[in-house]
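I have placed the structure first, in the form of structure tokens, so that the comments after it can refer back to it.
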Amino acid sequence: MFSDLADRKAQARRVVRQLKKDYPIAECALNYETPFQLLIATILSAQCTDVRVNIVTKDLFAQYPDAHAMARAPVKTLEKLVQTTGFFRNKAKNIHAASQALDEKFDGEVPQDLAVLVDLPGVGRKTANVVLGTAFGIPSGIVVDTHVGRLTKRMGLTDKADAVKIEKELLEIVPKKEWIQFSHRLIHHGRAICAARKPKCHDCHFAKFCPQVGVA
């Protein structure tokens, strides 16, 4: 990791610049039509692949497309629909309770406020950042998933393991105007090139300035 803040900021500028060149258009991999659907899909994505979530939400949203409908769905039915995402009982309980809260307190609309969002069942800071950034274009923070955590350590931007601590360090060095796309682009890079076990460093445009921390 670059120990000096100025060096970390300089490295962040290099990373952001290359990400914008390699992935000029990087969108969220979750399928959704409304902020509510993105919220539910993001809750379901915990410890589950986006591909699997998209398969599940196709049927889920066909039956329960909004907070009003999902709040009235039997939890057992939701459990069956989301079973293949893992931890399905807890996820079904959370998406049902979150839908009820939205339906009762916010007329079914997703609030554009980080503090309010994280009070919803099943919603943490990461989920709130995804919804605010992707659905509303509000840069409330930087989404730190497994790809972002792995790549920012490899590139020397952080040495932290905890997502909250990683985000705190990234917020210091990544310009606010880049926060939303920064995560999307890193996730694309993690999937295309910088894999966990066998990163394609020989094909990577970052190789000239990436310290490759932790790469054998």
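The values are calculated or read from the model by the stated rules, or taken from the named source; none is laboratory data. This one's a predicted model, so the numbers in the text were calculated from it and none came from an experiment. No Cβ is skipped: glycine too gets one built from the backbone with ideal geometry, and neighbour counts run over all protein chains shown.
Taking first residues from segment 72-97 that are within 11 Å of Leu44 (Cα to Cα) and partners that are hydroxyl-bearing (Ser, Thr, Tyr), the Cβ contacts under 8 Å between residues at least 6 apart in sequence or on separate chains come to Thr85/Ser45; Lys91/Thr85.
With respect to the conditions (1) in a helix (DSSP H, G or I); (2) buried (at least 19 other Cβ atoms within 10 Å of the Cβ); (3) β-branched (Val, Ile, Thr), Val164 lacks only one, and its number is (2).
Considering each of Ala29, Ala12 in turn, give the residue that is aliphatic (A, V, I, L, M), under 18 Å from the mean Cα position of the chain (by Cα) and under 22 Å from Cys194 (Cβ atoms). After applying the criteria, what remains is Ala29. The residues of segment 1-44 that are surrounded by fewer than 20 Cβ atoms within 10 Å (Cβ to Cβ), hydrophobic (A, V, I, L, M, F, W, C) and assigned to a helix (DSSP H, G or I), listed by number, are Leu5, Ala6, Ala10, Val16. Just one of (1) within 22 Å of the chain's Cα centre (by Cα); (2) at pLDDT below 95; (3) surrounded by fewer than 19 Cβ atoms within 10 Å (Cβ to Cβ) fails for Gly86. It is (2).
Looking only at segment 107-118, which residues are closer than 19 Å to Ile138 by Cβ and out of contact with any helix residue (DSSP H, G or I) (no Cβ under 8 Å at 6 or more places or on another chain)? Show your work before the answer.
To start, the set of residues in segment 107-118 that are closer than 19 Å to Ile138 by Cβ comprises 109-118.
Passing the criteria: Asp113, Ala115, Val116.
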